[in-house]
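The values are calculated or read from the model by the stated rules, or taken from the named source; none is laboratory data. Only a predicted model underlies this, so the values are computations on that prediction, with no experimental measurement involved. Quick reminder, even Gly has a Cβ in these numbers, built from the backbone with ideal geometry, and neighbours come from all protein chains shown.
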C-alpha cells in the first residue's frame, strides 16, 4: 500500500476487497482511513478520553499513528491516511499524543492515541453505523493490529486502556474479556464490517516491523477478520461469528508455512503491500502476478505434488532464520534499503535451487536456471535498483520467453 497513483487494467486477479472507507469524511466516524503522514493508511479505531486531562482522542495502533516508534508527540495525523490521499495541513484531524513503544520482545499492545484538533471534526459512531461504539451493551474486546489470510490478531482491550491511561466515553464497563468461541466484529478501512470467532487466547506471535520482528504475548486470535489497512480497528463482542479462511490466493505462503514449520500468516499484510505498491508497478512484476492468478489452480495443484524431505525442510528453515528479518526490512522500504545483492547471496540461492530441482520436471529446472541467470545480472544492486531493472523492457521480454516454456502455464490475456 502507498500513496502512488495506480493505473488499473482489467485482468483476472486474486481476492479483491472493497475500499469504501478510504475517503475524507467530516465529521469522521470510527472505522475510516487514518494515519501518520509517513504511514500508508490504517483505521481510526474509536474515540477515547485521556484520563490525564479528559481530552478527546483517537485510538489506533502505534504503527499507524506513531510510525513504528519513529514519530514524535505533536506530529500531525491525517484523515484519510496518506495512501488514500490525505495531506497536511488540509486533512489534519489530530496530533499524536502518546504511544506505547514496541520492543523486540515482551510486547502486549501496538497502540497509540492522537488528540483531536477540533472536536466537531469527529463523531462517536462507527462508519455507516455498521456496529455500535463500545458501551456496556456492546463491549470492546481488543485492538486489531496484525493478521493474514486465515488469522487475525488483536491486543486485549484492557491492556490497551491501562497502558495508554484512557477510557471509553461510555464508561468503565464498556469492555469484555475474550473467551474461546466468542463471536466478535469490527469495522475497518479496507474490509469494512466483518465478523469472526475467537479461536485462541493468550497467544504469542511475532510481527514484522521496519526495525525487525517484535514478539507479542497474551494476544487474541480469530479466523480471518481483516486485510491490510484494517490495522487499528476496534474489535467488539457481537456479530454472527465465523471461521472463514481466505488463503485461496495466499497458497504459496500457506505452503511455505508448512514447509518451514513457522506461522507466516502475520507477514501477509506486508507481502500484499509490497506486491501492490512496488512489485506490481514494474513490467516484470505485474506480468508474473498476472501469470500467478491466471494459473492459480494449476500452480496450487502442482505445488501439492511436492513432498520435501526433512533434510530439505531443515535447509529451508536455516535460510529463513538467516534472511527473514532482512527480507522483511527490504519489503517494507525497498527504495530506502542499502543492502546490495552479493556473490554470497547468489551462491546460497544457487545451492537452494539445486536442492529444489529434484522436485521439478526437466522443463521446470531449465526455466529455473534461466531465471537464475537473469538474477545474476543484479549482483551489486540495491533493492530499489532491482525493482527498476524489473521495469526494463528487455528483461520483461526475457521473462515472458522463460515462462512460455512451461507447458502447463497459460499466458494471461494482454
Notebook entry, point to check: Looking at region 309-329, is at least one residue modelled with pLDDT of 80 or more, surrounded by fewer than 17 Cβ atoms within 10 Å (Cβ to Cβ) and not in a helix (DSSP H, G or I)?
Noted result: yes
Next item on the list: Among what's in region 165-187 and is in contact with a helix residue (DSSP H, G or I) (Cβ under 9 Å, 6 or more places away or on another chain) and closer than 22 Å to residue 221 by Cβ, pick the residue that is surrounded by the fewest Cβ atoms within 10 Å (Cβ to Cβ).
Entry: 177
Notebook entry, point to check: So which residues in region 272-308 are touching a helix residue (DSSP H, G or I) at 6+ places or on another chain (Cβ under 7 Å), farther than 17 Å from residue 403 by Cα and modelled with pLDDT under 80?
Noted result: 306
Notebook entry, point to check: Of all residues in region 73-126, which are more than 17 Å from residue 21 (Cα to Cα), part of a helix (DSSP H, G or I) and out of contact with any strand residue (DSSP E or B) (no Cβ under 6 Å at 6 or more places or on another chain)?
Noted result: 120
Item checked: Criterion (buried (at least 16 other Cβ atoms within 10 Å of the Cβ) and assigned to a helix (DSSP H, G or I)) met by exactly one of 133, 160 -> 160
Margin query: Given the condition surrounded by fewer than 19 Cβ atoms within 10 Å (Cβ to Cβ), under 17 Å from residue 100 (Cα atoms) and over 16 Å from the mean Cα position of the chain (by Cα), answer yes or no: does some residue in region 53-67 qualify?
Written below: no
Notebook entry, point to check: Residues of region 137-152 being assigned to a loop (DSSP other than H, G, I, E, B) and farther than 18 Å from residue 242 by Cα, which ones?
Noted result: 137, 139
Notebook entry, point to check: Counting residues that are over 29 Å from the mean Cα position of the chain (by Cα) and in the same structural domain as residue 278 (by TED's automatic domain parsing), which helices (runs of 4 or more DSSP H) fully inside region 352-410 reach at least 3?
Noted result: 362-376, 393-404
Notebook entry, point to check: Can you pull out the residues in region 29-46 that are modelled with pLDDT of 95 or more, surrounded by fewer than 24 Cβ atoms within 10 Å (Cβ to Cβ) and closer than 16 Å to residue 188 by Cα?
Noted result: 29
